[in-house]
Every structure is written in C-alpha cells, then in structure tokens.
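Participant: I'd like to ask some things about the structure below.
The values are calculated or read from the model by the stated rules, or taken from the named source; none is laboratory data. Every value quoted in this text rests on a predicted model; they were computed, and no experiment measured them. Note that each Cβ is placed from the backbone with ideal geometry, even for glycine, and that neighbours are counted across all protein chains shown. In case anyone asks, the SASA skips ligands and DNA or RNA and just uses the protein heavy atoms, side chains included. Shrake-Rupley method; radii C 1.70, N 1.55, O 1.52, S 1.80 Å.
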Amino acid sequence: MTTSNNKATVIRFNKEFLEKGNIDVLKEIVASGFINHSAAGSVPNTIEGMIQLVAMLHQGFSDFKIDIHDQVAENDIVATRKTIYATHTGEIMGHKATGKQVAFNVMDFVRLRDGKYIEHWGQNNMMQVIQQLS
C-alpha cells in the first residue's frame, strides 16, 4: 500500500467508525491481532476495546464531527492531528448531560499492513474535557 492509500484508510476510520459509529468498517480496515498501545484503564487494547470506547463516547456525546488538521505518512505509519467536536447529550463517567459543546484534541500514530490497522498510539485531552463537564 502507498502512503496515500494508508492516509485514506485512516481518514475512513475516523469518518466512518469514530464519527458515525459504523462498526462494520472495522472488519474491513482493522487486522485481527490489532493492538491499541494507548488503551486506558480496564479497556482492552484490542478491536473489542476500541468498539467499547467508541460506544461509550457515542452514548455520552452526539453530533460527532472530526476535523483532520494534519496527516503525515512515512513507510507504514500515519500520524494524524485532529479535533473531535461533539455535544454532551448523555451520561458519561458519572456526568449527566449538560448540552455543552466539547472539543477533544487528538494526535495519533497508526501502523498499517496491507491497508489495515495493526497498531495505534495516541495522545488526547479527553479526560480533561470530561472532567470539565461538572
């Protein structure tokens, strides 16, 4: 796969899975044996853990919109800087819905093989944003 193809796969993951919650897309673009090196707490570092995390986010937030600001690709790695915008319309981590607009700032690295995610590393301000919902 070319770096352009890998970048397109990462965009598709963000738009179809993270933004829209389409779990079926994972079957196409995430390899079995995938490892999320940034899984937090008790969330498994597997595909199932990623599904669990995104389901929790969609339960607490609606109107997801992801703006990808930058993408850099080299060999089998794609680095992405993005912002996830959403509205706090459901309970999340003990915080009842506030109707507040939120913005999560995210930077992540994804390793792909044959057009599929095999590893992920990321940094975000998600916990700081959720703590500010009180």
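Participant: Apply the Karplus curve 6.51 cos²θ - 1.76 cosθ + 1.60, θ = phi - 60°, to the phi angles in the stretch 32-44 and return the couplings in whole Hz, x for Gly and Pro.
Facilitator: 3J(HN,Hα) across the stretch 32-44, in whole Hz: 5, x, 3, 10, 9, 5, 10, 4, 9, x, 8, 6, x.
Participant: If you line up the long axis of helix 3-12 against the longest principal axis of the chain, both from Cα atoms, how many degrees apart are they, to the nearest 10?
Facilitator: 30
Participant: Take the cross-link list 20/82; 27/96; 20/96; 65/96 and give me the ones stretching past 24 Å between alpha-carbons.
Facilitator: Long pairs (Cα-Cα over 24 Å): 27/96.
Participant: Let me ask something else. Per 0.36 nm of contour for each residue apart, how much would the distance between residue 63 and residue 97 grow if the chain were fully extended, relative to their Cα-Cα spacing?
Facilitator: Length gained, residue 63 through residue 97: 10.9 nm.
Participant: Next question. Debye calculation, C-alpha points only, no solvent: report log10 I(q)/I(0) for the chain at q = 0.10, 0.16, 0.20 Å⁻¹, in the same order as the q values.
Facilitator: Here log10 of I(q) over I(0) equals -0.31, -0.79, -1.23.
Participant: Residue 80 accessible area, nearest 10 Å², 1.4 Å probe?
Facilitator: 10
Participant: Could you tell me how many degrees, from 0 to 90 and to the nearest 10, lie between the Cα long axis of helix 47-60 and the main elongation axis, the longest principal axis, of the Cα atoms of the chain?
Facilitator: 30
Participant: Within 10 Å of each candidate Cβ there may be at most 12 other Cβ atoms; applying that plus a DSSP loop requirement, which GluC sites (Glu not before Pro) in the stretch 32-128 survive?
Facilitator: Answer by residue number: 91.
Participant: Let me ask you something else. Considering only the stretch 1-122, what is the antiparallel percent among its DSSP beta bridges, to the nearest 5?
Facilitator: Rounded to the nearest five, the antiparallel share is 90 percent.
Participant: May I pose another question? If you roll a 1.4 Å probe over the stretch 87-134 with all protein chains in place, what percent of the accessible area is carbon or sulfur?
Facilitator: On the stretch 87-134, the fraction of accessible area on carbon and sulfur atoms equals 50 percent.
Participant: Let me ask you something else. Return the sequence-ordered ³J(HN,Hα) values of the stretch 119-134 in whole Hz as given by the Karplus equation 6.51 cos²θ - 1.76 cosθ + 1.60 applied to θ = phi - 60°, using x for Gly and Pro.
Facilitator: Listing the rounded values in order: 8, 9, 10, x, 10, 7, 9, 4, 5, 5, 5, 5, 5, 7, 7, 5 Hz.
Participant: Enumerate the amide H contacts of residue 119 below 5 Å, restricted to partners 5 or more residues apart or on another chain; note that Pro and chain-start residues carry no placed amide H.
Facilitator: Those qualifying (amide H under 5 Å, at least 5 residues apart or on another chain) are 35, 111.
Participant: In nm, to one decimal, how far is the modelled label at residue 128 from the one at residue 114, with both set 7 Å along Cα→Cβ?
Facilitator: It is 4.0 nm.
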